[in-house]
Amino acid sequence: MKVKTVNEVLSDNRTEKTIAHVAKELSQKDSYEKVYHRTNHHDVPMPSVDELNQLVELLKSIIFPGFFLNSELRPGTMKFYIGSTLDRVCRICAEQIKRGFCFSCSHSHGSVCHECEFKSKDISNRFIEKLPHIRYMLSLDAVAAFEGDPAAKSVGETIFCYPSITALTNYRISHELYMLDVPIIPRIIAELAHSDTGIDIHPGAEIGKSFFIDHGTGTVIGETCIIGNNVRIYQGVTLGAKSFPLDESGNPIKGIPRHPIVEDDVIIYSGATILGRVTIGKGAEIGGNVWLTTDVSPGTKVVQQKAAEYYFNHGSGI
């Protein structure tokens with residue numbers, strides 16, 4: 001057995017003292033009370049990011065048959081595959097929704113909460129009933145991506161490759177769960193796509209048909225945004241909020257509309273920032289890097305001042 005040197009022994013002692021000191025500090029209640037998750041005696045694990053990621057992949061294989069997980073899928077076997085996959089989806093979905101309720105619950109109900117168990121299964125079934133609508137909306141998004149990007153060779157390419165479709169898939173799944181008042185799970189699903197694509201869409205946003213985000217990186221769409229049909233935006237666009245009002249205790253007032261309304265057929269070019277509850281009218285075009293905090297009338301083109309001067313002097317478009 002190797003005999004430790006004096007320096008090695010001193011180093012080990014220092015490490016032990018450091019661990020003991022830091023552990024004592026981190027165990028102080030005032031240090032952890034704001035970041036500690038209490039189980040509330042439910043004896044239910046927290047939502048699983050891995051399970052939710054698997055749920056999304058299973059749903060993608062149903063929504064876009066043949067593209068994900070099972071590339072050998074044929075029309076003759078599709079009904080059996082979808083039925084089997086939906087059975088797995090139901091079980092995962094109900095379990096994660098239950099964990100979401102327990103995670104957000106402030107009450108103690110003992111080791112099992114039968115009300116949450118039943119409620120989670122009911123919501124899972126109601127969510128499954130939304131899948132035909134989710135597929136319909138995503139099919140329009142995929143076509144919009146194909147028609148809106150000259151580089152796209154097929155609708156299938158946009159489904160398989162485009163970060164816009166990845167982000168919108170997670171968004172449309174998470175939005176339906178959000179509308180069913182499922183806590184935390186929609187946000188986790190949305191953030192999975194945010195991490196993968198750099199596109200940040202809050203599940204509470206309302207987005208219409210045939211929506212396309214070209215390139216997409218750095219795009220932000222806030223919780224109370226309302227976006228109409230046939231809207232196209234580019235990378236780096238922010239549809240955000242201005243400073244919002246505080247309550248008597250100095251805390252932000254939540255649940256109020258604070259993000260833009262974008263009407264049908266609007267185009268917003270890269271880097272534009274639109275803040276607050278303003279309305280961008282039907283058919284408007286917002287130029288790159290424009291900063292807006294006021295309403296824009298239908299059909300209006302908004303550009304930066306220098307670009308506008310060039311436009312009027314040379315007759316060039318945006």
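For (1) modelled with pLDDT of 90 or more; (2) of a type outside the set (Phe, Trp, Tyr); (3) within 22 Å of Ser195 (Cβ to Cβ), each residue gets a yes or a no:
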residue	(1), (2), (3)
Asp43	no, yes, no
Gln54	yes, yes, yes
Leu73	no, yes, no
Arg88	yes, yes, no
Arg91	yes, yes, no
Ile97	yes, yes, yes
Cys102	no, yes, no
Ser108	no, yes, no
Glu115	no, yes, no
Quick check, is Thr217 within 21 Å of Pro186 (Cβ to Cβ) and within 20 Å of the chain's Cα centre (by Cα)?
-> no
Based on what the data block shows, is Asn53 farther than 30 Å from His133 by Cα, out of contact with any His (no Cβ under 9 Å at 6 or more places or on another chain) and assigned to a helix (DSSP H, G or I)?
-> no
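Taking the condition in contact with a Phe, Trp or Tyr (Cβ under 6 Å, 6 or more places away or on another chain) and more than 18 Å from Ala144 (Cα to Cα), does Pro252 pass?
Values: in contact with a Phe, Trp or Tyr (Cβ under 6 Å, 6 or more places away or on another chain): yes; more than 18 Å from Ala144 (Cα to Cα): yes.
Judged against the criteria, Pro252 is a match.
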Taking the stretch 201-231 as the search range and keeping residues that are in contact with a helix residue (DSSP H, G or I) (Cβ under 6 Å, 6 or more places away or on another chain) and within 19 Å of Ile134 (Cα to Cα), which one is surrounded by the most Cβ atoms within 10 Å (Cβ to Cβ)?
-> Ile201
Kindly indicate whether any position in the stretch 58-73 is more than 22 Å from the chain's Cα centre (by Cα), farther than 30 Å from Tyr162 by Cβ and not in a helix (DSSP H, G or I).
-> no
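Looking only at residues in the stretch 117-139 that are hydroxyl-bearing (Ser, Thr, Tyr) and at pLDDT 95 or above, which one is farthest from Ile165 (Cα to Cα)?
Per the stated criteria, the residue is Ser124.
Which one of these is of a type in the set (A, V, I, L, M), farther than 17 Å from Pro183 by Cα and at pLDDT 85 or above: Val22, Val35, Val49, Val9? Break it down stepwise before answering.
Details: Val35 fails: at pLDDT 85 or above; Val49 fails: farther than 17 Å from Pro183 by Cα; Val9 fails: at pLDDT 85 or above.
Of the residues listed, the single one that is of a type in the set (A, V, I, L, M), farther than 17 Å from Pro183 by Cα and at pLDDT 85 or above is Val22.
Does Glu25 meet the test of being among the charged types (D, E, K, R) and either assigned to a loop (DSSP other than H, G, I, E, B) or under 29 Å from Ser139 (Cα atoms) (or both)?
Values: among the charged types (D, E, K, R): yes; either assigned to a loop (DSSP other than H, G, I, E, B) or under 29 Å from Ser139 (Cα atoms) (or both): no.
It is false that Glu25 is among the charged types (D, E, K, R) and either assigned to a loop (DSSP other than H, G, I, E, B) or under 29 Å from Ser139 (Cα atoms) (or both).
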Could you run through the stretch 161-186 and say how many residues are surrounded by fewer than 20 Cβ atoms within 10 Å (Cβ to Cβ) and farther than 20 Å from Tyr136 by Cα?
-> 3
If Glu157 satisfies every condition in (1) surrounded by fewer than 19 Cβ atoms within 10 Å (Cβ to Cβ); (2) within 11 Å of the chain's Cα centre (by Cα) but one, which is the exception?
-> (2)
Per the list (1) assigned to a loop (DSSP other than H, G, I, E, B); (2) over 30 Å from Ile184 (Cα atoms); (3) β-branched (Val, Ile, Thr), residue check on Val44 breaks on (2)
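Does Pro132 satisfy being part of a loop (DSSP other than H, G, I, E, B) and either of a type outside the set (Asp, Glu) or surrounded by fewer than 23 Cβ atoms within 10 Å (Cβ to Cβ) (or both)?
Numbers: part of a loop (DSSP other than H, G, I, E, B): no; either of a type outside the set (Asp, Glu) or surrounded by fewer than 23 Cβ atoms within 10 Å (Cβ to Cβ) (or both): yes.
For Pro132, the condition - part of a loop (DSSP other than H, G, I, E, B) and either of a type outside the set (Asp, Glu) or surrounded by fewer than 23 Cβ atoms within 10 Å (Cβ to Cβ) (or both) - is not met.
The values are calculated or read from the model by the stated rules, or taken from the named source; none is laboratory data. Please read all numbers here as calculations on a predicted model, not as lab measurements. Glycine gets a Cβ as well: all are built from the backbone with ideal geometry, and neighbour counts include every protein chain shown.
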